[in-house]
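Derivation of every value follows stated rules applied to the coordinates shown; laboratory data play no part. Nothing here was measured: the structure is a model prediction, and the numbers come from that model. Cβ coordinates were reconstructed from backbone atoms using ideal geometry, including for glycine residues, and neighbour counts include every protein chain displayed.
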Amino acid sequence: MTDKQQQAAADFAAAVASWRMKRKVSQGKLAEDMGYDPSYISKIETGRSRPTADFAQLADGRLQAGGEIITKWQAYEATKTAAGGPVRASAAVSTGGSVLVVERDEARLDYDGSHYTLTMRRKLRNAGDQPITRYLIRISVDRYPEDPARSNAHYRRHPLTWDALDLTAHCAGEPMAQSVKLDRDATKEVWLLFENADGRFPFYPGESVWIEYSYRVPDTHWGRWFQRAVRLPTEQLLVELRFPAALDPVVWGTETSMTAEAAPLRTAPSRREEDGALIFRWETVAPDLHARYRLEWRLRARPENPTTPRELT
């Protein structure tokens, strides 16, 4: 390993340790949340294990590092390229030797008065040199983010369950098998597999495919805002919210990045009425990597104290 590689690896390890201590999370707790053996976190922070894309993505999300951990991993990858290692797309995040780009990202959130149904459609492009056999999604809720003890107590009493979520996933019309990576009261992580009982359909280099997944969450677990975090290079991003018109909803939004405080969305969500529903739509082109876009709402016909954010990755 060259001196530059060693320094980049050390910078990555320091970033993980710094954010872990900042969030007051032990190595054991971080390993448990991410689905790793506890000794692995120690090996990463002491430089005995080298950074990987999966670890960087999961650690950045769990520690809410705003993309800094992923950036340190990318800097480490760049030193490998300079030393004659595999060439990777400059901004893309690698998974198992492959590079994913999101050509179009569509999120639709429907509220029926008691439950939210989230339907995600993504057109992915494999810009790497290896086939992809799985895709990781995360479902995470936190009703009281400013009061962890209260939030933990709430989800111990009212955990998210797989039966209630009723998660389904498809790729180009084919059902996708699922493999649970993390199962906690308020957080689930699932590998969507490019296979099912009838066979396998790997996602090969140069190909673009649509994947779609959907699940339901009761409004007792889902706050009145919905946040999209850009963790992969994305060309188009769309969010659509649908509410019963009788609830008289009003919607607004903010955006943040690694270098800017929260500010109003640069363009307002559009609004239309259709079959008794009010539909709010917002989209953008070429969003910045690590940007976060949050849409919030108030149901004027149903006053209620605001709850908490819900973020999808």
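Looking at the chain only, what percent of DSSP beta bridges run antiparallel? Nearest 5 please. Intermediate values should be presented prior to the final figure.
On the way: 79 of 89 bridges.
Antiparallel: roughly 90 percent of the beta bridges in the chain.
Mind listing the long-range amide H neighbours of Leu278? Cut-off is under 5 Å, sequence gap 5 or more, other chains count too, H placed in the peptide plane at 1.01 Å from N.
Result for Leu278 returns Phe243, Ala245.
Quick check: from the Cα gyration tensor, does region 154-268 come out rounded (a/c under 1.5), prolate or oblate?
Details: a/c = 1.84, a/b = 1.28, b/c = 1.44.
Oblate.
If you take every residue apart from Thr133 with its C-beta less than 12 Å away from the C-beta of Thr133, what net charge results, scoring Lys and Arg +1 and Asp and Glu -1?
On the way: positive: Arg134, Arg200; negative: Glu195.
Once positives and negatives cancel, what remains is +1.
Taking the Cβ of Gly276 as the center, what net charge do the other residues with Cβ under 13 Å away carry, scoring Lys and Arg +1 and Asp and Glu -1? Working shown, then result.
On the way: positive: Arg242, Arg272; negative: Asp110, Asp112, Asp248, Glu273, Glu274, Asp275.
Counting the neighbours of Gly276, the net charge comes to -4.
If you bin every alpha carbon distance in region 3-87 into 10 Å steps from zero, what whole percent lands in each bin?
P(r) for region 3-87, in whole percents per bin: 20, 54, 22, 4.
Going down the list Lys22/Lys43; Lys24/Lys181; Lys43/Lys123, which pairs span over 26 Å between their C-alpha atoms?
On the way: Lys22/Lys43 19 Å; Lys24/Lys181 23 Å; Lys43/Lys123 36 Å.
Checking Cα-Cα distances, Lys43/Lys123 exceed 26 Å.
Please work out the ratio of the alpha-carbon Rg of region 98-312 to 2.2 N^0.38 Å and round it to two decimals. It would help to have the intermediate numbers written out before the result.
Values: Rg = 17.7 Å, N = 215, 2.2 N^0.38 = 16.9 Å.
Against the compact-globule rule of thumb, the ratio is 1.05.
Which value at 222 nm does the chain reach when only helices count, each DSSP H run of 4 or more adding -39,500 (n - 2.57), with the total divided by all residues and rounded to the nearest 500 deg cm²/dmol?
On the way: 7 runs with 75 residues, N = 313.
Helices in the chain give a 222 nm mean residue ellipticity of -7000 deg cm²/dmol.
Longest span of the chain, sites excluded, free of GluC sites (Glu not before Pro) in DSSP loop with at most 11 other C-beta atoms within 10 Å?
On the way: sites that count: Glu146, Glu261, Glu304.
The answer is 1-145.
Pairs of alpha-carbon atoms within less than 8 angstrom and 6+ residues apart define the contacts here; what relative contact order does region 98-312 have, in percent?
Values: 508 pairs, mean separation 57.9, N = 215.
Reported as a whole number, the value is 27 percent.
For region 99-161 and region 210-272, what is the separation of their Cα centres, given in Å?
The distance from the Cα centre of region 99-161 to that of region 210-272 comes to 12 Å.
Magnitude of the Cβ-charge dipole of the chain, K/R +1 and D/E -1, about the Cα centre, nearest 20 debye?
That gives the chain a dipole magnitude of about 720 debye.
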